[in-house]
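Take a look at the structure below.
The values are calculated or read from the model by the stated rules, or taken from the named source; none is laboratory data. Keep in mind that what you see is a predicted model, and the values were worked out from it rather than measured. Glycine gets a Cβ as well: all are built from the backbone with ideal geometry, and neighbour counts include every protein chain shown.
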Amino acid sequence: MHSDTQKSMSVYGFLLLAAVIITAVVAFVLVPEAGRNQKFWLSLTAIIAAEAFTFVFPIAIMRRGAAARRILPFHFGTGTMIVIYDIGVLALCFAALLPIAFPILLAAQLIWFLCFLTFVGAATVGGMYISTQDTTDSACRIPFTDMQDRLASLNNRLAMIPTENVAQVKREFARVCEDAKYLSRDSLVGAESVETEITQCLDNIGQEVLRMENVSTPTSGNDRTPIDPKNCAQAIENEIQRLRQFFAKRDALLKRLRQAKG
């Protein structure tokens, strides 16, 4: 576990301990011994339990690490439920000052606690579902992310080649990279063939880019076949055209797969 996470957890643990001690001290100072009846102990126990839930919740999130941080916005809703529970507990503690029978006050605290557990249970199940969906969605987007990374790498390498008469290829490939940003990010079962074709196309472009990079590399002998940058550029242009066709084919195939799945 990261040291910063351990420090944060230690801080929350210290705050919990301080809150419990201060609450107990204030309760015993404000309420004389004669007034420490059943309603007093019920209210004190409910407040300490609410404080425990309030401080343990962020500790639990930190212990789960990155898996919990990915759905951190969802946890804001759970945190709001805890705040509402704390407010309800305080309201019932003030109600204990009124001439309300202990059984009624105990029943109200238990019902409010049951409602809180129900909300937390529903939120936990929802968080598990969202986490599972997030993992599934991330897995579906791996091919798209890899493709974007390869396109960006090839575009950077191509842009740094000082060879003349390839400016048109550089512009065309930059347009392809821009068009690829608007492709569907998902990769569904049944689209493996077109993904393989795109990968092969990128491999071919990478080989031509490597050949163009080697043009300016000095050689120690005369056994190397001369490389014509124009031929490499033409080959890349052909692959760019194929890449555009594969992009269109990919989107059409994913659309059909979604319709069949739906």
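Values computed for the structure shown
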| read-out | value |
| --- | --- |
| Residue match in segment 23-39 (condition: within 30 Å of Thr132 (Cα to Cα) and modelled with pLDDT of 85 or more) | no |
| Count of residues meeting criterion [under 27 Å from the mean Cα position of the chain (by Cα) and either buried (at least 16 other Cβ atoms within 10 Å of the Cβ) or of a type outside the set (Gly, Ala, Ser) (or both)] in segment 154-197 | 16 |
| Qualifying residue in segment 200-211 (condition: part of a loop (DSSP other than H, G, I, E, B) and of a type in the set (Gly, Ala, Ser)) | no |
| Ile240 more than 26 Å from Pro143 (Cβ to Cβ), among the aliphatic types (A, V, I, L, M) and either modelled with pLDDT under 85 or in a helix (DSSP H, G or I) (or both) | no |
| Unique residue being loosely packed, with under 14 Cβ neighbours inside 10 Å, in a helix (DSSP H, G or I) and either at pLDDT 80 or above or touching a strand residue (DSSP E or B) at 6+ places or on another chain (Cβ under 9 Å) (or both) when the list is Phe76, Phe119, Phe113, Phe94 | Phe94 |
| Subset of segment 193-237 (residues that are at pLDDT 75 or above, under 21 Å from Thr163 (Cβ atoms) and of a type in the set (Val, Ile, Thr)) | Ile205, Val209, Ile236 |
| Residue within segment 144-159 that is in contact (Cβ under 8 Å) with a residue 12 or more places away in the chain, in contact with an Asp or Glu (Cβ under 6 Å, 6 or more places away or on another chain) and not basic (Lys, Arg) present | no |
| Criterion violated by Pro99 - all others in (1) modelled with pLDDT of 85 or more; (2) part of a helix (DSSP H, G or I); (3) of a type outside the set (D, E, K, R) satisfied | (2) |
